[in-house]
Amino acid sequence: MTQPFPKADSVDIMLLLEGTFPYVSGGVSSWVNQLIKGLPHYRFGIVFLGSRPQDYGAVKYPFPENLVHLEAHYLFTPADAPPPKPPQRQKGTIPCLHDLHARLRQKTRPFLPDSLRDLGFYTNAKGGIPLEEFLYGEDSWTHITKTYEERCTDPSFVDYFWTVRNMHLPIWHLAAVARQLIPARCYHAVSTGYAGLLGTLLRWHTGRPLLLSEHGIYTKERRIDLLNAAWIADRRSRLERDPSEISYLRELWIAFFESLGRACYEAAFKVVALYPDAQGRQIADGADKAQTLIIPNGVPIAPFAAIRAPRIESSFAAPILCLLGRVTPIKDIKTFIRAMRAVINDIPQAQGWIVGPEDEDPAYVAECRSLIDNLDLAGHVRFLGFRPVTDILPQVHLLVLSSISEGLPLVLLEGFAAGVPAVCTDVGACRRLIFGSEDDSLGAAGDITGIADPQALAHAAIGLLTSRERWHAAQTAAIARVETHYTDTRMFERYETLYREAHNA
């Protein structure tokens, strides 16, 4: 859909988003859309941060009426600053570069000194480092070569040079975004990473409060991505590699994002987690315990209660198992496909639906399709693309999540509200959603298995689908749990309180 970006002079809440709404469907994007519409008396703005324009398609959501400002910025475009003519040397940049590098790696407070909080550091202000100096300055070159000689174990200086350059370049882009952004009464980052860094710079630049909400722990998920990223060079020979060793350049990227997380925790007046284990991880990673709190996701009950279609007995002879989610490695679609092979062996008429956007990682989608063919599942496992969940859930007997990382999945809550039990891997809050907390006696809403274990996933699914008593008990528990603990009304009330507190600061 083509829509003009709304523009305003100021907003109540500026959401800082990385790679989500409005260009990506489902998950965090659905939550953002839900939050804006659920608090219509606030004027929201959005800063969308992405990699490159060509990595995203069209806008996926109609803009809510109270979304009054939206701007998009891309951090890895080739539009670098031109080299200075003639080349200039900013005095004192070596100490500044050393300070920047050291502060980003340290694990004690304060994570960022006053000099690095000041946007003037990233311009021509006295004592700072303008972008052209970082990219082309003699002192910058000296610093990079020196740190390579002292620290880098990778054999290629070229790879190290471009890693350091590409890693730090977005900091200057974000400082430029912060300088020109319209005023907001508070900033709300929905992850750490680059969005969190932008929030950190805005907090120190404007004095207005920063709120951080994490749906998954960003540094944990980025670590998973970085450990598997093919774009990170590793030129060591096979004889030089220890299979258990992470290459220096991968460790450098991981440490960088961990440092951004610590800086954001330090700047935020509140740090929100979805469930207790995530809160514990935030505290372990540097968040002040007194600033953390838990606000679970919530869903509207009435629209899903209206689609609780009764499953007739005969339908269990050909049940539909559905994975709702992006087709990406972190969702481990391949384990779901392999599990379907075992399910089909026991329930020959079963169907496996994969419902979610397929544009994020085309190569992985192709691998999944090839696996379906190799396992002779072409007649049983289907890709349906992105579909409204209200169209899908009335037809589904069992939701399946095979992810290797999750937060508190909205799709499970939506499925529960529609009366659909689930089988999930033991990640994020999935165990808590399926079995409840210690003081929850509502029963099991399905089953939990280990990560990357298709046989266990299939066994759990078959157990629920072949026992009507277990299935109906799981359905009853699922409905009761979401109606008791995970309504959107409860979630909106908690965020209303936080926004009011921020606006009064």
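The values are calculated or read from the model by the stated rules, or taken from the named source; none is laboratory data. What you see is a predicted model; the values in this text were computed from it and never measured. Every residue, glycine among them, receives a Cβ derived from its backbone with ideal geometry; neighbour counts consider all protein chains shown.
A few remarks follow.
- Test: residue in the stretch 495-505 that is over 30 Å from Thr206 (Cα atoms), of a type outside the set (Lys, Arg), touching an Asp or Glu at 6+ places or on another chain (Cβ under 9 Å) and surrounded by 16 or more Cβ atoms within 10 Å (Cβ to Cβ): no
- Val177 falls short on exactly one of the conditions (1) in a helix (DSSP H, G or I); (2) out of contact with any His (no Cβ under 7 Å at 6 or more places or on another chain); (3) surrounded by fewer than 23 Cβ atoms within 10 Å (Cβ to Cβ), and that condition is (2).
- Hey, Phe44 surrounded by fewer than 23 Cβ atoms within 10 Å (Cβ to Cβ), hydrophobic (A, V, I, L, M, F, W, C), closer than 18 Å to Pro183 by Cα and more than 20 Å from the chain's Cα centre (by Cα) or not: no
- Subset of the stretch 453-505 (residues that are under 20 Å from Ile301 (Cβ atoms) and polar (S, T, N, Q)): Gln475, Thr476, Thr484, Thr487, Thr489
- Residue list for the stretch 172-192, restricted to those being more than 23 Å from the chain's Cα centre (by Cα) and more than 19 Å from Ile13 (Cβ to Cβ): Ala176, Arg179
- Among all positions in the stretch 243-264, there is at least one residue which is at pLDDT 80 or above and of a type in the set (S, T, N, Q).
- The residues in the stretch 11-30 that are part of a loop (DSSP other than H, G, I, E, B) and more than 23 Å from Arg185 (Cα to Cα) can be counted, and the count is 5.
- Yes/no for Tyr160 being surrounded by 19 or more Cβ atoms within 10 Å (Cβ to Cβ), within 30 Å of Thr206 (Cα to Cα) and of a type in the set (Phe, Trp, Tyr): no
- All helices (runs of 4 or more DSSP H) inside the stretch 403-494 with 2 or more residues being surrounded by fewer than 24 Cβ atoms within 10 Å (Cβ to Cβ) and free of Cβ contacts under 8 Å to residues at least 40 places away in the same chain: 430-435, 454-465, 468-485
- Residue identified as touching a residue at least 60 places away in the same chain (Cβ under 8 Å) and under 30 Å from the mean Cα position of the chain (by Cα) among Arg311, Arg326: Arg326
- For the stretch 371-387, a tally of residues being more than 14 Å from Val327 (Cα to Cα) and not aliphatic (A, V, I, L, M) returns 5.
- Residue identified as free of Cβ contacts under 8 Å to residues at least 12 places away in the same chain, in the same structural domain as Trp471 (by TED's automatic domain parsing) and over 25 Å from the mean Cα position of the chain (by Cα) among Ala306, Ala317: Ala306
- Flag if Pro53 is surrounded by fewer than 21 Cβ atoms within 10 Å (Cβ to Cβ) and either at pLDDT below 95 or outside the structural domain of His503 (by TED's automatic domain parsing) (or both): yes
- Restricted to the stretch 61-71, and to residues there that are at pLDDT 95 or above and under 20 Å from the mean Cα position of the chain (by Cα), the residue that is surrounded by the fewest Cβ atoms within 10 Å (Cβ to Cβ) is Glu71.
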